[in-house]
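Participant: Take this structure first; my questions come after.
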Amino acid sequence: MRVLRRLLPSLIPALLLSCDDRTAADRAVEDRILIVGNSSEPKGLDCHLVTGVLESNLIRALFEGLCTEHQSLDGQALPGAAESWEANEDFTVWTFKLGPDRKWSDGVPVTAEDFLFSYQRILTKTLGSEYNEMLFYIRNAEEFYKGEITDFSEVGIRAPDDYTLEISLRGSIPFLPEITKHYTWYPVPRHVVMKHSNGKIDAPFSGWTKPGNIVSNGPFALKSWRINDHIAVEKNPHYWDRDKVQLNGIRFLPVVNSYTESRMFFDGLMHITYIVPPEFIPYARKNYPDQFRSELYLGTKFVRCNVTRKPLDDIRVRKALGMAIDRQSLIENVTKGGQEPAYGMVPPFGNYKTGRAIGFDPVQAARLLDEAGFQNRIDFPRITLLTADRDVSKAMAEAYQGMWKKHLGIHIEIAQKEWTSYLNAMTNLDYDLADSGWIGDYLDPTTFLDMWIKDGGNNRTGWANGEFEEILKQSEHERDPARRLLVLQEAEKILMEELPAITIYWYTTNYLIDPRVKGWNPLLLNNHPWKWVSLEPN
Amino acid sequence: MIGFIFRRVLQGLLVLFVLYTLSFFLIKALPGDAFTTEKAMSPEAKEEQMKRFGLDKPWVIQYGLRLQRLLLQQDLGISPKKNRKVSLILQQSFPASVVLGLNAFLVACVIGIPLGIFSAVRKNTWVDYASMGFAMIGICVAAFIIGPLLQTQVAMRLPAFKVAGWDNPVDWILPAITLGLAPAAYLARLTRGGMLEVLGQDFVRTAQAKGVPPLTIITRHTLRGGLIPSVAYLGPAFAYLISGSFVVETIFQVPGMGRHFIDATIDRDEDLLLGCVLYYGFLIVILNLVSDIIQASLNPRLRESL
Amino acid sequence: MADTSTVTEKGTSLWRDAWLRLRKNKVAVVSGVFLIVMFLLCFVAAWFTGDPNEQDLANKFAAVGSSSENIQQVRQDDGSSIKETRTLLHLLGTDQMGRDLLSRILFGGQVSLLVGLIATSVAFVIGISYGAISGYAGGRADAIMMRAVDTLYAIPFLVLVILLQEVLSGSTSEVATWLVKHWKFPDETTHRLANILPLFLAIGALGWLTLARITRSQILSLKQQEFAQAAISLGLSPSRILFRHLIPNTLGPAIVYVTLTIPSFIMYEATLSFLGLGIKAPDSSWGVLIKDGANYMETQPMLLILPALFFTTTLFALNFLGDGLRDALDPKAAKD
């Protein structure tokens, strides 16, 4: 019985451990190591080659951009790699002064050269970055990417000296510091990347992010990485603000199954979960009230309408469908996460006032459907609602179906596809209605409005409106931030008038957090800066 | 015997080749590709990526190039979704799956086979019904129930067991039970069926009449024949077990290979999926061969088939 | 003195023998009756339990045996609408969307039983025939056939399922619409069946492999036995030998295996719905009900226990019936 013999040596410590009342979470608190659930295995750690939220959690621990997030206040930019910055009068040129004490984790100083190199790298077409439109604010960046300009020095970035970065933009962008918090604007270590890429700026699989090779400028450095098991980072001794960093390390666990993740938390194996599945939310609220958090998260859930297909080309039909949804009931009974019914596309935050464009009005909805020519509901064509089987998608789809049946008397089929088939169908406009959503990338309404331009990759509805695009372009010439927001509201009004996407609710993030975690505050973008997080034993 | 094994190995290579080819074209037929992403890629970026991975060429050329790379350089390619070499991914996840599979296999045999024998010998008594009932639990209560059940009732109550994770051998126990109960049920019933077939034969009655003790009848005379259906089942079952199970792995956070099969299919990660297919195919070929050899050794009449 | 010359033994076939023996097996008979009742419940009584997809979000997780009021605005022909109040009885309570649980379980049973029945029949027929032919043929044909099975084992099954779903669902949906329009098939039911069909085919295409292997081994060993050798030397045709003499003797383990595959097919369908394949919402099956119920294990255990109860008892019945069948078909018992 070799197996028994193999088991025995570890059964004994396990039994001894069971006399030790402390859980893994307890022991980690004493070691000042934070254990975090991070959804699933990241695609990579190269900030130029990833697009996801879970990757951004990791990259934020390892790297640092020009500005960083305040630990509790939304929309505040704190010094990161840059110690100060200022804009010219019309916000078209920004100058960042880099801190001379900023270093990479191998001791090499972070200079403007690194930034120049990084921005050139992400804008190099042959690298294949998926997210570089975040940099198109820079003058000539888009043209360089598309190959219309081949000389990078014509792009609006200059380094007058080693520690100054001068960025010229394509228009007035008063919120540029907010944008630099996004990981696409982070620097990569030029000396390390080039070393592993044979001197080519666009080699994507150089292996420079492997443990042992990777070098980073953030509060933490990569310690170990075991696929589908964990990624561990430890305090970076060369970080310029290391005295403020109170954690000794962070352990990210890629737990895909959210029920397992919650149970791991209940079992004392984790300090912060990525999410709480809706089925557990009432249970968590009741039994773990100190640990359960439900916070606003900058994102909108909506149902896309394929406006190229009948009968969805008729605004009245879209509006009828939109008004027949009882958003409050949906939130209370299906998603249970304290979300907010979305009466517009852009979630109201800061000084932006979202207009009240849509709500639950079944009577008006029925009337609109009549007006559209469907008095006899039998005449309403058989259309489908496309959905993926992720998270609570299925329950939402069933709820929509139930509501449309109840309030409009029409039967909508549900077409459930696996994830990539779902994305594919949506991209190819091969659907009627599609359950989808969008998470904001930065704190400005344009992150929810820019996607709806004609043939925009993230539009996926076939909708286009010239006036809408004109207004958006106009907003970039508006220097006064307050007036600019008013202009954007005009654009949103058009979007909601025509309703290519039926807005449902504004997201919240629901998760469990150990009360011993400090320095963790609600943030709209959910991009908590790890350097301010600490663990205090009771 | 050597000749037989040699022939089977050759056949196995042919199988792998056909498998690879079939799988390749099946995967290509799926809608979407590895670069269908939620935040849509710009057409330029997508074009770049397609070119980089050689996905812009006609399928047959892609097939040829991949095959060439596989045979001449033993290179399984790179996964665009995990940004790593496929061989590295498989290498890192293979140990966990093998350990999990072996343990599950053990659970299945240790529970299933004795139960089956008992039931066959005590046919139609309460022992029979109870054992079969117990065995049925393994099938009716699937992994996605047993797993969470064990997590909530065992792991959360006993400090020695963790809800999920794969750090030390104690963590092997719950996942192995979860994965092994269904095969245990199969084995119990197949063993029972097989034993009944053999126990019903004349020579058994003769032996009983002669006064041979029952235990000897079971172990020396009938067990070999009775286990044949089980062995036929075990070949592919074992291959399945050590290729990992998506459900058990995601419930217990086991860093195994089962996930890669599913992830690669959903992500349209061709090289990774083909790598998994080859690995699994290889196991099937070997294990079916072993299963056939064992069956033949148990029943000399089958040796003619070799 | 009795006239014994008129007392002759009535000739019986293997099947008649088997039937008679089966009838004597009490457990098998009870199981058989249970299964018939379950079938009737799911396919007939279900229609009396109301709409399994009718949601009432305000009435989630209602208790067993409760009732609820359902107020609806029903549109009249003249465009106006009136309020209609119906009282619904929830014998088993409601689920997380306020749908009647009994109704969901019974309608779900339709899908599961169909999956089990159809997919298993497909697998059974293909598996037994294939395995028997391969085992009987022996030699190179056997080798080729078995290597083909090896290949099929390792094909990434999920890929096949997705493909079949993508490729077939469009056409089955069109066929369904056509049938509804021209041959007056019931609308909802036909479309539901059309949605499920690719799934059955996919699952059936999976399950016959091990059955083929098991059958083949049996045939190989039976082939060497005296009765088979006798039949061969008598010059009987291969198909007759196979179907009359050999296959009936392999049915024992085959049936046992089949009683195991039915539940695994039902569960496999549920696993597929983890991934967006499987039965399409809002329809349900036992597997899906159990899978969704598992998420409520800590909070609303009834959602798991009730469907699991239906599922488990049906499967137990299937297995006992299968055992009975196996015993009944055992040729050695016929000697008595």
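Participant: Step by step: first the residues of the stretch C:96-114, then only those that are touching a residue at least 60 places away in the same chain (Cβ under 8 Å) and in contact with a Gly (Cβ under 8 Å, 6 or more places away or on another chain), then the one that is farthest from the other protein chains (Cβ to nearest Cβ). Which residue is that?
Facilitator: Checked the stretch C:96-114; the qualifying residue farthest from the other protein chains (Cβ to nearest Cβ) is C:LEU101.
Participant: Separate question: Checking A:VAL193 against (1) within 22 Å of the chain's Cα centre (by Cα); (2) farther than 19 Å from A:GLU69 by Cα, which test does it fail?
Facilitator: So A:VAL193 meets the others, but not (1).
Participant: Could you please find all residues in the stretch B:118-163 being farther than 23 Å from B:VAL198 by Cα and over 24 Å from the mean Cα position of the chain (by Cα)?
Facilitator: B:THR152, B:GLN153, B:VAL154, B:ALA155, B:MET156, B:ARG157, B:LEU158, B:PRO159, B:ALA160, B:PHE161, B:LYS162, listed by residue number.
Participant: Scan B:VAL231, B:VAL212, B:VAL254 and give me the residue that is more than 14 Å from chain A (Cβ to nearest Cβ) and in a loop (DSSP other than H, G, I, E, B).
Facilitator: B:VAL212
Participant: Which residue is surrounded by the fewest Cβ atoms within 10 Å (Cβ to Cβ), if the candidates are limited to the stretch A:326-341 and must be away from every other protein chain (no Cβ under 11 Å) and in contact with a helix residue (DSSP H, G or I) (Cβ under 7 Å, 6 or more places away or on another chain)?
Facilitator: A:PRO341
Participant: Looking at C:THR250, is it assigned to a helix (DSSP H, G or I), in contact (Cβ under 8 Å) with a residue 12 or more places away in the chain, surrounded by 19 or more Cβ atoms within 10 Å (Cβ to Cβ) and in contact with a Pro (Cβ under 8 Å, 6 or more places away or on another chain)?
Facilitator: No, not satisfied.
Participant: Output the residue which, of all residues in the stretch A:218-230 that are away from chain B (no Cβ under 12 Å) and buried (at least 18 other Cβ atoms within 10 Å of the Cβ), is nearest to A:TRP104 (Cα to Cα).
Facilitator: A:GLY218
Participant: Now a separate question. Considering only residues that are over 23 Å from C:ALA194 (Cα atoms) and either among the aliphatic types (A, V, I, L, M) or part of a loop (DSSP other than H, G, I, E, B) (or both), which ones fall in the stretch A:427-443?
Facilitator: A:ASN428, A:LEU429, A:ILE439, A:GLY440, A:ASP441, A:TYR442, A:LEU443
Participant: As an exercise: evaluate B:ASN124 against (1) on the phi > 0 side of the Ramachandran plot; (2) more than 10 Å from chain C (Cβ to nearest Cβ) and give the number of the one condition it does not meet.
Facilitator: (2)
Participant: Determine, yes or no, whether A:ILE281 is surrounded by fewer than 20 Cβ atoms within 10 Å (Cβ to Cβ) and among the β-branched types (Val, Ile, Thr).
Facilitator: Yes.
Participant: Taking A:THR446, is it at the interface with another protein chain (Cβ under 9 Å from one of its Cβ atoms), at pLDDT 85 or above and over 28 Å from C:ASN53 (Cβ atoms)?
Facilitator: So A:THR446 fails the test.
Participant: Can you tell me which of B:ALA45, B:ALA40 is more than 18 Å from C:MET146 (Cα to Cα), at the interface with another protein chain (Cβ under 9 Å from one of its Cβ atoms), part of a helix (DSSP H, G or I) and in contact with a Gly (Cβ under 8 Å, 6 or more places away or on another chain)?
Facilitator: Step by step, each of B:ALA45, B:ALA40 is checked, and only B:ALA45 is more than 18 Å from C:MET146 (Cα to Cα), at the interface with another protein chain (Cβ under 9 Å from one of its Cβ atoms), part of a helix (DSSP H, G or I) and in contact with a Gly (Cβ under 8 Å, 6 or more places away or on another chain).
Participant: Check A:GLY299, A:GLY359, A:GLY322 and return the single one that is part of a loop (DSSP other than H, G, I, E, B) and of a type in the set (Gly, Ala, Ser).
Facilitator: The unique qualifying residue is A:GLY359.
Participant: Next question. Filter the stretch C:209-245 for residues that are of a type in the set (Ser, Thr, Tyr) and either surrounded by fewer than 22 Cβ atoms within 10 Å (Cβ to Cβ) or over 26 Å from the mean Cα position of the chain (by Cα) (or both) and give the result.
Facilitator: Correct list: C:SER221, C:SER233, C:SER237, C:SER239.
Participant: Would you be able to tell me the number of residues in the stretch C:246-275 that are within 13 Å of the chain's Cα centre (by Cα), of a type in the set (S, T, N, Q) and more than 7 Å from chain B (Cβ to nearest Cβ)?
Facilitator: Final tally of qualifying residues: 2.
Participant: Oh, and also: Looking only at residues in the stretch C:123-155 that are surrounded by fewer than 17 Cβ atoms within 10 Å (Cβ to Cβ) and closer than 18 Å to B:PRO236 by Cα, which one is nearest to the other protein chains (Cβ to nearest Cβ)?
Facilitator: Among those residues, the one meeting the criterion is C:ALA143.
Participant: Please work out if B:PHE94 is touching a helix residue (DSSP H, G or I) at 6+ places or on another chain (Cβ under 8 Å), surrounded by fewer than 21 Cβ atoms within 10 Å (Cβ to Cβ) and within 13 Å of chain C (Cβ to nearest Cβ).
Facilitator: Taking the combined requirement at face value, the residue does not satisfy it.
Participant: Can I ask one more? Out of all the residues in the stretch C:307-317, is one or more on the phi > 0 side of the Ramachandran plot and touching a residue at least 40 places away in the same chain (Cβ under 8 Å)?
Facilitator: no
Participant: B:PHE24 fails exactly one of the following numbered conditions: (1) within 20 Å of C:THR151 (Cα to Cα); (2) out of contact with any Phe, Trp or Tyr (no Cβ under 9 Å at 6 or more places or on another chain); (3) touching a residue at least 60 places away in the same chain (Cβ under 8 Å). What is the number of that condition?
Facilitator: (2)
Participant: To continue, here is another question. Can A:LEU66 be described as more than 14 Å from chain B (Cβ to nearest Cβ) and surrounded by fewer than 18 Cβ atoms within 10 Å (Cβ to Cβ)?
Facilitator: No, not satisfied.
Participant: Take the residues in the stretch A:143-163 that are out of contact with any helix residue (DSSP H, G or I) (no Cβ under 6 Å at 6 or more places or on another chain) and not in a loop (DSSP other than H, G, I, E, B); name whichever of them is nearest to A:LEU472 (Cα to Cα).
Facilitator: A:GLU143
Participant: Give the number of residues within the stretch C:290-304 that are more than 7 Å from every other protein chain (Cβ to nearest Cβ) and either in a helix (DSSP H, G or I) or of a type in the set (A, V, I, L, M, F, W, C) (or both).
Facilitator: Within the stretch C:290-304, residues that are more than 7 Å from every other protein chain (Cβ to nearest Cβ) and either in a helix (DSSP H, G or I) or of a type in the set (A, V, I, L, M, F, W, C) (or both) number 5.
Participant: Moving to a separate point now. For the subset of the stretch A:180-217 comprising residues that are more than 27 Å from B:LEU90 (Cα to Cα) and of a type in the set (Phe, Trp, Tyr), which member is surrounded by the most Cβ atoms within 10 Å (Cβ to Cβ)?
Facilitator: Across the stretch A:180-217, the extreme among qualifying residues is A:TYR186.
Participant: Now, a different point. Assigned to a helix (DSSP H, G or I), within 7 Å of another protein chain (Cβ to nearest Cβ) and under 18 Å from the mean Cα position of the chain (by Cα): which single residue out of B:VAL248, B:VAL285 fits that description?
Facilitator: Of B:VAL248, B:VAL285, the one residue that is assigned to a helix (DSSP H, G or I), within 7 Å of another protein chain (Cβ to nearest Cβ) and under 18 Å from the mean Cα position of the chain (by Cα) is B:VAL285.
Participant: Being among the polar types (S, T, N, Q) and either in contact with an Asp or Glu (Cβ under 9 Å, 6 or more places away or on another chain) or within 19 Å of B:ALA108 (Cβ to Cβ) (or both) is the filter here; which residues of the stretch B:124-142 pass it?
Facilitator: B:ASN124, B:SER131
Participant: Right, another one. Name the single residue that is farthest from B:GLN49 (Cα to Cα) among those in the stretch A:105-142 being within 14 Å of another protein chain (Cβ to nearest Cβ), of a type in the set (D, E, K, R) and not in a loop (DSSP other than H, G, I, E, B).
Facilitator: Among them, the one singled out is A:GLU142.
Participant: Now a separate question. Can you name every residue in the stretch A:395-420 that is modelled with pLDDT under 85 and not in a strand (DSSP E or B)?
Facilitator: Hits for the stretch A:395-420 are A:GLU418, A:TRP419, A:THR420.
The values are calculated or read from the model by the stated rules, or taken from the named source; none is laboratory data. Just so it is clear, the structure is predicted and the values come from calculations on it, not from any experiment. Ideal geometry is used to build each Cβ from the backbone, glycine not excepted, and the neighbour counts take in all protein chains shown.
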